[in-house]
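Below you'll find the structure, written out as structure tokens, and then a few comments.
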Amino acid sequence: MSATEGFVLSNSRLIKPLQPFPAHNLPTDPWASPHSTPPSIDSSSPASIPLPSSSFFNSLTTVSPYSSHALSPITYSSDLDPTLTSPYSPHLKWTPLESHPKNSKSHPCYSIEKASYGPGADLLRFRSLIPGYSDSKKFADMIMTTEERKKWDIQCDEVYQIVPLPPSKLNDVKDGPSGKCTMLGVGYCRTLHAIGGLISPREQLTLCGIIEGVGGSIIWGVELPEECDGLFPEGERKVRASMDLFGCTLIQGEGGFEVEYVLKLDVGGKVPGWTTAPVVVKTVKELFRYARNKFEGEKEEGERIVRKRMEGVREEFELLIPQ
């Protein structure tokens with residue numbers, strides 16, 4: 001066997017291809033495993049809260065080449081190949097939505113794509129180059145804490161961790177993902193009215209975590225099954241949205257760090273996915289605008305830019321409301 005047998009040559013790097021996910025669709029149930037969902041869920045007992053089956057992480061690395069690289073890189077170059085796609089998801093057809101130079105200051109994402117991946121809303125994939133040094137905890141806080149999230153997401157009501165879990169819960173799983181889980185917990189998120197009030201508030205109950213691999217970091221999340229509904233906070237229930245797949249991979253490079261963000265989100269109710277996709281795209285772009293300012297290290301100036309940006313972003317969202 002030659003040294004390169006079983007690998008795909010991509011520019012100046014060697015990448016070990018994953019076995020393609022056997023179907024075009026997401027697994028019908030990311031919790032489908034003999035040991036994934038115990039019969040009773042107790043928030044005071046971390047052991048009773050389920051973990052997603054290995055098919056969830058297989059799906060993530062199938063649609064997110066950067067996440068696979070973060071867990072098991074084989075590379076001769078520190079410059080990540082932005083065309084890294086086909087060895088990992090040969091059956092998926094990615095439709096470009098936006099494409100810009102990596103160093104563009106006016107565009108927060110240099111690549112935005114969509115693909116049909118299972119029923120419901122399209123799978124969206126964003127790529128961005130952020131100046132500074134990768135910090136998975138800081139990046140996760142921007143997404144998963146109310147204080148940080150409200151600085152870029154005008155639809156956020158609140159988001160916080162309900163039940164912290166020991167990272168060892170995932171690290172001890174035999175068929176779990178490679179890499180080391182450094183953070184794990186159950187999170188709750190509630191939104192405000194969206195699209196000019198056409199979409200009522202939504203809520204989510206998710207299991208989220210951070211995995212540190214030898215090649216980068218992965219922030220991931222998935223909606224918890226109905227058996228966990230007892231973990232919802234007290235109060236009137238909202239229409240439930242469902243995050244079928246979420247992964248945000250951070251890989252440090254010479255000119256900053258690369259981020260690949262993949263999301264498949266069903267907003268629930270009777271709202272078709274195509275009507276909300278532009279809002280989701282717009283919102284994620286605001287995350288990357290904020291991240292650029294935050295990670296550049298100029299805190300006061302960055303916060304001033306963010307405040308000014310948020311004053312105008314509401315007007316931009318008005319343009320997305322169907323007439």
| task | Report, by residue number, each residue of region 130-159 that is at pLDDT below 95 and hydrophobic (A, V, I, L, M, F, W, C). | result | Ile130, Ile154, Cys156
| request: Out of Thr249, Thr182, report the one residue that is touching a His at 6+ places or on another chain (Cβ under 9 Å) and among the hydroxyl-bearing types (Ser, Thr, Tyr). | output: Thr249
| task | Kindly list the number of the only condition in (1) at pLDDT 85 or above; (2) under 30 Å from Ser134 (Cα atoms) that fails for Gly253. | result | (1)
| message | List the residue pairs whose Cβ atoms are under 9 Å apart, where the first residue sits in region 132-147 and is over 16 Å from Ile162 (Cβ atoms), the second is of a type in the set (Phe, Trp, Tyr) and part of a helix (DSSP H, G or I), and the two are 6 or more positions apart or on different chains. | response | Gly132/Phe295; Tyr133/Phe295; Ser134/Phe295; Asp135/Phe295; Lys138/Phe295; Phe139/Phe295; Met142/Tyr290
| query | Going by the conditions given, is Gly196 out of contact with any Cys (no Cβ under 9 Å at 6 or more places or on another chain), farther than 24 Å from Leu71 by Cα, part of a loop (DSSP other than H, G, I, E, B) and at pLDDT below 90? | reply | yes
| field | Looking only at region 96-139, and only at residues there that are polar (S, T, N, Q) and farther than 28 Å from Val267 by Cα, the one that is nearest to the chain's Cα centre (by Cα) | value | Ser134
| field | Within region 256-279, considering residues that are closer than 25 Å to Val186 by Cα and either surrounded by fewer than 17 Cβ atoms within 10 Å (Cβ to Cβ) or out of contact with any Leu (no Cβ under 6 Å at 6 or more places or on another chain) (or both), the one modelled with the lowest pLDDT | value | Gly269
| task | Among residues belonging to region 70-85 that are surrounded by fewer than 19 Cβ atoms within 10 Å (Cβ to Cβ) and either basic (Lys, Arg) or out of contact with any Ser or Thr (no Cβ under 9 Å at 6 or more places or on another chain) (or both), point out the one that is modelled with the highest pLDDT. | result | Pro73
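Okay, residues lined up against (1) farther than 30 Å from Lys102 by Cβ; (2) among the acidic types (Asp, Glu); (3) in a strand (DSSP E or B); (4) touching a strand residue (DSSP E or B) at 6+ places or on another chain (Cβ under 9 Å):
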{"residue": "Arg127", "(1), (2), (3), (4)": "no, no, yes, yes"}
{"residue": "Lys138", "(1), (2), (3), (4)": "no, no, no, no"}
{"residue": "Trp152", "(1), (2), (3), (4)": "no, no, no, no"}
{"residue": "Pro164", "(1), (2), (3), (4)": "yes, no, yes, yes"}
{"residue": "Val186", "(1), (2), (3), (4)": "yes, no, yes, yes"}
{"residue": "Leu207", "(1), (2), (3), (4)": "yes, no, yes, yes"}
{"residue": "Ile211", "(1), (2), (3), (4)": "no, no, yes, yes"}
{"residue": "Val214", "(1), (2), (3), (4)": "no, no, no, no"}
{"residue": "Gly221", "(1), (2), (3), (4)": "no, no, yes, yes"}
| field | Number of positions in region 113-158 that are of a type in the set (Ser, Thr, Tyr) and closer than 22 Å to Ser200 by Cα | value | 2
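The values are calculated or read from the model by the stated rules, or taken from the named source; none is laboratory data. If you're wondering where the values come from, they're calculated on a predicted model, not measured in any experiment. Neighbour counts run over all protein chains shown; Cβ positions are idealised from the backbone, glycine included.
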